[in-house]
Amino acid sequence: MGIILASSSPRRQQLLELIGVDFEVIVSDVEEDNTKDMPPHELALTHARDKAVDTAKRASNSDIIIGADTIVVLDGQVFGKPADRAEAIRMLTALAGREHSVISGVAVVMGQQVFSGFNTTIVRIRPLSPAQIKRYVDSGEPMDKAGAYAIQGQGTLLVESINGCYNNVVGLPLGTLSELLQQVGVDLL
Ligand SMILES: Cc1cn([C@H]2C[C@H](O)[C@@H](COP(=O)(O)OP(=O)(O)OP(=O)(O)O)O2)c(=O)[nH]c1=O
């Protein structure tokens with residue numbers, strides 16, 4: 001029996017290390033589709049489950065697979081990772097001076113069993129000038145991040161306040177994950 005993280009995200013790998021989990025990484029082939037017509041938290045849950053179930057096909061039946069998905073939601077509109085610089089600028093322009101939700105879905109798969117949950121954090125972004133947004137996008141940091149910012153990086157300068165779990169914004173709500181792992185018999189504490 002081993003624990004497998006179905007994620008290419010270095011942040012998720014670091015967070016899992018933080019809580020003392022021994023794991024290997026097998027990245028899933030799942031492509032996220034943020035245009036699916038479903039409530040945002042269902043979208044994050046579906047993607048997290050799809051990633052874990054896909055990786056489970058390449059693992060043993062006794063392995064425990066963890067999948068996750070993070071999205072940013074503003075006025076019901078879902079922001080994933082920006083496709084290009086122009087989209088990153090559009091996302092940050094929309095988020096500036098306002099509150100949005102960051103939702104991370106997490107799924108734990110063992111054999112035929114699938115457990116999943118999600119967490120929501122409210123983040124308020126400072127008012128930003130077009131020049132500030134352009135400079136931040138030019139740093140390259142936004143490109144592989146949902147909503148085009150990284151709270152754990154220089155993007156922290158964009159954040160006015162957060163309400164809820166910080167690690168959920170970075171990509172892996174560890175409290176939610178530990179509850180799911182308990183359901184497959186793994187107690188982290
Ligand atoms: C809002 C925010 C997101 N993110 C990241 C977390 C996720 O890695 C990414 C959202 O993309 P995801 O599709 O959730 O994950 P991923 O493509 O990076 O990795 P994989 O699908 O292989 O698991 O945005 C931050 O690192 N910091 C932030 O502040």
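Here are some notes:
- Residue count, segment 103-142 (criterion: out of contact with any Cys (no Cβ under 9 Å at 6 or more places or on another chain) and either away from the ligand (no atom under 16 Å from the Cβ) or touching a residue at least 60 places away in the same chain (Cβ under 8 Å) (or both)): 24
- Subset of segment 59-109 (residues that are in a strand (DSSP E or B), within 22 Å of ILE133 (Cβ to Cβ) and either among the hydrophobic types (A, V, I, L, M, F, W, C) or out of contact with any strand residue (DSSP E or B) (no Cβ under 7 Å at 6 or more places or on another chain) (or both)): ILE71, VAL72, VAL73, LEU74, GLN77, VAL78, PHE79, VAL102
- Residue match in segment 56-75 (condition: among the acidic types (Asp, Glu), within 12 Å of the ligand (Cβ to nearest atom) and buried (at least 18 other Cβ atoms within 10 Å of the Cβ)): yes
- Looking across THR120, THR176, one residue alone is polar (S, T, N, Q) and in a helix (DSSP H, G or I). It is THR176.
- Failed condition for LEU181, given (1) closer than 19 Å to GLN13 by Cβ; (2) more than 15 Å from the ligand (Cβ to nearest atom); (3) touching a Gly at 6+ places or on another chain (Cβ under 9 Å): (3)
- Single unsatisfied condition, LEU188 versus (1) among the aliphatic types (A, V, I, L, M); (2) out of contact with any Phe, Trp or Tyr (no Cβ under 9 Å at 6 or more places or on another chain); (3) within 15 Å of the ligand (Cβ to nearest atom); (4) within 24 Å of ASP22 (Cβ to Cβ): (3)
- Answer from ASN163, ASN119 - the residue that is within 14 Å of the chain's Cα centre (by Cα), within 28 Å of THR46 (Cα to Cα) and modelled with pLDDT of 95 or more: ASN119
- Yes/no for LEU92 being in contact with a helix residue (DSSP H, G or I) (Cβ under 8 Å, 6 or more places away or on another chain), within 14 Å of the ligand (Cβ to nearest atom) and over 21 Å from LEU172 (Cα atoms): yes
- Residues of segment 20-35 classified as in contact (Cβ under 8 Å) with a residue 24 or more places away in the chain, over 17 Å from the mean Cα position of the chain (by Cα) and closer than 19 Å to VAL109 by Cβ, total: 2
- In segment 143-160, residue farthest from the chain's Cα centre (by Cα) [restricted to those that are within 9 Å of the ligand (Cβ to nearest atom), part of a helix (DSSP H, G or I) and closer than 21 Å to ASN34 by Cβ]: GLY155
The values are calculated or read from the model by the stated rules, or taken from the named source; none is laboratory data. In this text the structure is predicted, and so the values were computed from the model without any measurement. Note: ideal-geometry Cβ built from the backbone for every residue, glycine included; neighbour counts use all protein chains shown.
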